[in-house]
6 protein chains.
Amino acid sequence: MRIEDLTSKEFELRVRGGAVVILPWGATEAHGVHLPLGTDSIQPQSVADALAERIGGLVAPLVPYAYHSSTKNMPGTIDVSFDTVRALAQDILEALVRNGSHKILVIAGHASSTHMTSIKLACHEITVKHDVRIMFLSDYDLLPELADREGLDPHDGHAGVMETSRVMAVRPELVAEHRPPGRYVSHGYEVLRNPETCFPLGVGGDPADANGELGSRANQFVVDRLVDMISTRWGI
Amino acid sequence: MRIEDLTSKEFELRVRGGAVVILPWGATEAHGVHLPLGTDSIQPQSVADALAERIGGLVAPLVPYAYHSSTKNMPGTIDVSFDTVRALAQDILEALVRNGSHKILVIAGHASSTHMTSIKLACHEITVKHDVRIMFLSDYDLLPELADREGLDPHDGHAGVMETSRVMAVRPELVAEHRPPGRYVSHGYEVLRNPETCFPLGVGGDPADANGELGSRANQFVVDRLVDMISTRWGI
Amino acid sequence: MRIEDLTSKEFELRVRGGAVVILPWGATEAHGVHLPLGTDSIQPQSVADALAERIGGLVAPLVPYAYHSSTKNMPGTIDVSFDTVRALAQDILEALVRNGSHKILVIAGHASSTHMTSIKLACHEITVKHDVRIMFLSDYDLLPELADREGLDPHDGHAGVMETSRVMAVRPELVAEHRPPGRYVSHGYEVLRNPETCFPLGVGGDPADANGELGSRANQFVVDRLVDMISTRWGI
Amino acid sequence: MRIEDLTSKEFELRVRGGAVVILPWGATEAHGVHLPLGTDSIQPQSVADALAERIGGLVAPLVPYAYHSSTKNMPGTIDVSFDTVRALAQDILEALVRNGSHKILVIAGHASSTHMTSIKLACHEITVKHDVRIMFLSDYDLLPELADREGLDPHDGHAGVMETSRVMAVRPELVAEHRPPGRYVSHGYEVLRNPETCFPLGVGGDPADANGELGSRANQFVVDRLVDMISTRWGI
Amino acid sequence: MRIEDLTSKEFELRVRGGAVVILPWGATEAHGVHLPLGTDSIQPQSVADALAERIGGLVAPLVPYAYHSSTKNMPGTIDVSFDTVRALAQDILEALVRNGSHKILVIAGHASSTHMTSIKLACHEITVKHDVRIMFLSDYDLLPELADREGLDPHDGHAGVMETSRVMAVRPELVAEHRPPGRYVSHGYEVLRNPETCFPLGVGGDPADANGELGSRANQFVVDRLVDMISTRWGI
Amino acid sequence: MRIEDLTSKEFELRVRGGAVVILPWGATEAHGVHLPLGTDSIQPQSVADALAERIGGLVAPLVPYAYHSSTKNMPGTIDVSFDTVRALAQDILEALVRNGSHKILVIAGHASSTHMTSIKLACHEITVKHDVRIMFLSDYDLLPELADREGLDPHDGHAGVMETSRVMAVRPELVAEHRPPGRYVSHGYEVLRNPETCFPLGVGGDPADANGELGSRANQFVVDRLVDMISTRWGI
């Protein structure tokens, strides 16, 4: 159930009934030559929709912009600053709390640590200020367990086999056939002006063998885990 | 053509080819008992998509959150602060310019003057800083001419007959049958803590007679005007 | 009664007695070739002084600087930023509230919508935070009714016949004889780096026939309206 | 010559001719039982006007609000924050520089060190950024020499004999006959929540013998010194 | 060589000679019942001093305050905000660059990801703005390799056997004999108001067997690695 | 007793017992050709340590960075901005208060009025917000009395005979033999882009006759005065 499709009254009734609100946070970011710029929006949106159906939750409108560093200078990455992400997250959470939401899950499609930190700071600010429970993660926090079970390359990463498969499971028409492997150039601990040089093709790992079946298992795995977590911790 | 569906390369080629980028700015806001919370997102999204098709433009991912005052305290309004709207607009525009966009149209579904001011400040900041052309308006800046021609009540407003009709033209399943008229309570020039008291039902005007045909004419009118404006001013 | 002329004790007694505080907000801005840079300060100062006399109010020291866009690049416009106007308004209002003022009228001589928004945001912040009543307007919000009654050109505007007449009524020695008409160049909805190009002479309308009698009627009209509004809403 | 009385064109000609711009910074602050709240505005305004006449300078509109600490909680003090003073000073100076001013004198009537620091930071920011000369002081930086020569009590201070005399020289009707001496209560180096307790009557020294003749000598002394300083350093 | 012990001239000569500047960033933070609050300052200071000796570098004065979350509410943690850490790092780096430093290593004793992000944002800001090379890491980024080689518990963490041993190697008199093991209470992905509940004893792992020999090996390992990294990347 | 050497528990006990916390604020700043860059850190650190011993206080870790203007462009001055100093002071004080400290002394080694103002604003913010007592001064606020008694040149200043002697008393090995006198070039009240031109050698006064005995008397004098002040005002 997406919040944007409800009337004011319908929303109010569901929130009063204790519905969990799920805020999917996407991105518009270069993902190699084979994946669409909305890759990091497609994934949390599909997870949020499926999860909401399972737990009777409400999906807030997806935020399609994120903080980026390593792909910032690649065509099609539309990044916003650390402070803007933080302020936006804080304002949306504040508004949800004012609307009576007491249980909020924020799920991020883009999982870079700096981006995650900015949303986490906002979540923390809200939990200090209000009596509310907030869970925050990227689905990529959960997937290593599945990747291990599926025998994936541990270096699989951005636009790699897992991510490509997940988009293929949801929007196969947006994934190109030609999927060259990525290359990683280490710069050690230097803080670079142009961090995309670490990552010249915008791909981590080898997406050649990506397939929708793997993607579906991954998407299902994430939703199952989220259902478990919400059930265990919040009794829903 | 939505940017989120393109790869990095596809986006780059279109921007280099001079494509206008259209940024639709929506909102999540109470719209009476009959319209969905996403009303102000549905409208600029549909206009942006239709316009992009007409002029070969690119549609950036819609921002679904806005600044609100008069409906801020109504259930389902998820507002963000003036400064956050401004910062977000500035960051997105900055990123578009860095990506090579030289002609950008920002179209806002929510047209309150404070919200418009915040985006306008951001647009101005960017035009001062970069050699780029930005057009910014709400489709409600254009519609009075049509409303006049159609003989609508001049007090028709928020969630009124025009807005209801436009949503009916695009997402008829989201519009309720029961559509009581709004009521306006003047507080003169007092700046109110609870401005929703001016506007207790969250409706301006009488949406009873709304219909999809009127909505389609309105949507078409807005797109035609935008095509004219872009053609006249930017030669596209 | 101007606050600056009172001692601390005298001020305290009047505020305790419930006196309305009137804060006139002026500007230093190019006004064609015939009006002084202080035009937007002269008007609210004279209205505030006359109103205070009528209602036993207190006039706070006029702020002589505002936010400007369309005249920003013209000689003599001394503009301050949006954020500074907002911060200054908020601080002054906060200090007035701490001093015990419960009813405050802010009247702006410069009426551009961006400038008005910045002060309005400050007023709103204060009414949310404190139990206080604030009225905020430009006298140009009231004057269209009179302009209509007097049969003025509906395009009369900045440094036009109304504004020129009002300054002539108060400071005739500052108004030049030679008063060429303005010219407006539409740029549609483009956000311009140099918005003064819309407005190359810095005049809106034709001030040739301005006269002090009209100005006096206008000034009187504004004061009468303000007395009515304060009486109706605040019982003073 | 006050800027607010000039047209855009007249201002432009004088600035191009190299006229020094003088910005008087006042305050609205409790000054014992005998002096008006505008005391710190009256003094720099009168100095600025006299100085402008002597050197052919231009007087910018006086800012009537300042940062206050020791009198902040006394009735009638309308203080603004440190950051607001700084931002306002910076914006005004920036606008003057954009207008072509190359030599600017800022003269503060309120001389508390924190207030002075906030304006000084703004001045410094501008001199680092632009090729412009700025002189900044309070007339109370100059007066100790005269006070010494006149044999005044070295503890004479806020609302004391010097300040009272200076207001008497300009606006004698605003100065009360009854002028009890102040009292100072030391709190050492403690940073107090209520610093007015150091200073319970809002007076430093004994204003009983204040007189307009002393005030006139002081005002004259300040203007003479400023003329010397500007002549010596800027050749005007 | 510590910068604070050099004169202005001596510093200038060394910087001109191309000396790497090492900025150790410490913390004041609860570290169980057995370690001093300065634990995270002692470690980077000792590493920085030893490294400077090896490479002829200069050690900038240690910053003894950091951002903390999990131990924030424990006695003795003196935390500063995310924004303050970022601003301070940015200002210090800016000043070093203005002084002519072209190669700067920032080494953090406190390694929480949020704290690291704040310093990293500052480093990135500087590398974007200036032509300078900055390396930034915590020594705990390097130590997992050694911990693995030494056969340490992979859950060894804050105030655990490695950290305790390292302090014992440098300041043995500050480490208590009684060193009870820590306990970790998972709260999954909830963002907690009181994150110390995850971590009730303020210890991660079991410090009972800590010893100065292990600590010396660890400190030596970190310095050797840093020497290698600087040599490989910067040719020093 | 330095806080960094205590465990969490030991710190907690002492704070509960009412121990005064002393925060020494140093600087890294050019001090002529004869004094080390850490001169302004050495002094408050030695005073804080001695004072803590006398009154059973706790010394917080020294902050080694300050705001500088007149020496900002000299080699080795590592300055941080006004706002950063203020934020850092506010955060540290806030954390101390949260830890239960009720009596805090902040002692600054660098005494420029702008730097002092930034810390003072932070102290004031905290005393307004919390029920806590804060004393703030530079030891150079106390020393004029001794300088007078010792017959020192009243123009003795930065890196002069008093400051040099004080460093000689504590770290004699860091003070050079060759100590040429300073020179002061007045620029009146101009706010300079390069204020170091007032002060070309970075020395105020003549440090030739500096000696450790004078320094010891000065350091002792400061500690005695602080003991008196704390005893008189806080009964400790």
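The values are calculated or read from the model by the stated rules, or taken from the named source; none is laboratory data. Here the structure is a predicted model, which is why all the values come from computation and not from measurement. Reconstructed Cβ throughout: ideal geometry from the backbone, glycine too, with neighbour counts over all protein chains shown.
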Tell me which residues, restricted to segment F:4-34, are among the acidic types (Asp, Glu) and within 24 Å of the chain's Cα centre (by Cα).
F:Glu4, F:Asp5, F:Glu29
Looking only at segment F:71-81, decide whether some residue is within 7 Å of another protein chain (Cβ to nearest Cβ), surrounded by fewer than 24 Cβ atoms within 10 Å (Cβ to Cβ) and closer than 21 Å to E:Ser81 by Cα.
yes
Pick from F:Ile104, F:Ile3: which is surrounded by 24 or more Cβ atoms within 10 Å (Cβ to Cβ), farther than 30 Å from F:Gly157 by Cα and either at pLDDT 95 or above or of a type in the set (Asp, Glu) (or both)?
F:Ile3
Can you name the residue in segment D:118-156 that is β-branched (Val, Ile, Thr) and free of Cβ contacts under 8 Å to residues at least 24 places away in the same chain and, of all such residues, is farthest from D:Gln45 (Cα to Cα)?
D:Val128
For C:Ser69, are the conditions met, namely being in contact with a Pro (Cβ under 8 Å, 6 or more places away or on another chain) and at pLDDT below 95?
yes
Determine which member of the set C:Leu152, C:Leu96 is closer than 16 Å to C:Gly205 by Cβ and either within 17 Å of the chain's Cα centre (by Cα) or not aromatic (Phe, Trp, Tyr) (or both).
C:Leu152
Within segment C:99-138, residues being among the charged types (D, E, K, R) and either more than 8 Å from every other protein chain (Cβ to nearest Cβ) or touching a Cys at 6+ places or on another chain (Cβ under 6 Å) (or both) number 4
Within segment E:89-98, count every residue that is among the β-branched types (Val, Ile, Thr) and more than 9 Å from every other protein chain (Cβ to nearest Cβ).
1
Looking at C:Asn219, C:Asn211, which one is polar (S, T, N, Q) and either within 11 Å of another protein chain (Cβ to nearest Cβ) or farther than 18 Å from C:Ile22 by Cα (or both)?
C:Asn211
Looking across segment A:90-101 at residues that are under 17 Å from E:Glu190 (Cα atoms) and polar (S, T, N, Q), the single one that is surrounded by the fewest Cβ atoms within 10 Å (Cβ to Cβ) is A:Gln90
If you go through segment D:90-113, how many residues are of a type outside the set (Ser, Thr, Tyr) and within 22 Å of D:Leu142 (Cα to Cα)?
9
Residues (more than 10 Å from chain C (Cβ to nearest Cβ) and without any contact (Cβ under 8 Å) to a residue 60 or more places away in the chain) located in segment B:189-208:
B:Thr197, B:Pro200, B:Gly204, B:Gly205, B:Asp206, B:Ala208
Unmet requirement for E:Ala159, which otherwise passes all of (1) touching a residue at least 60 places away in the same chain (Cβ under 8 Å); (2) within 14 Å of chain A (Cβ to nearest Cβ); (3) closer than 21 Å to E:Glu29 by Cα
(2)
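Take D:Gly215 and decide whether it is more than 20 Å from D:Thr71 (Cβ to Cβ) and not β-branched (Val, Ile, Thr).
yes
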Whether any residue in segment A:80-93 is in a loop (DSSP other than H, G, I, E, B) and over 22 Å from B:Pro24 (Cα atoms) is what I want to check.
no
From the list E:Val33, E:Val85, E:Val21, exactly one residue is surrounded by fewer than 24 Cβ atoms within 10 Å (Cβ to Cβ), of a type outside the set (Lys, Arg) and on the phi < 0 side of the Ramachandran plot. Which is it?
E:Val33
Considering segment A:1-57 alone, what residues qualify as being hydrophobic (A, V, I, L, M, F, W, C), at the interface with chain B (Cβ under 10 Å from one of its Cβ atoms) and assigned to a helix (DSSP H, G or I)?
A:Ile3, A:Phe11, A:Leu13, A:Val15, A:Ile42
Collect the residues in segment F:160-179 that are within 10 Å of F:Asp206 (Cβ to Cβ) and either out of contact with any His (no Cβ under 8 Å at 6 or more places or on another chain) or aliphatic (A, V, I, L, M) (or both), keeping them in residue-number order.
F:Gly160, F:Val161
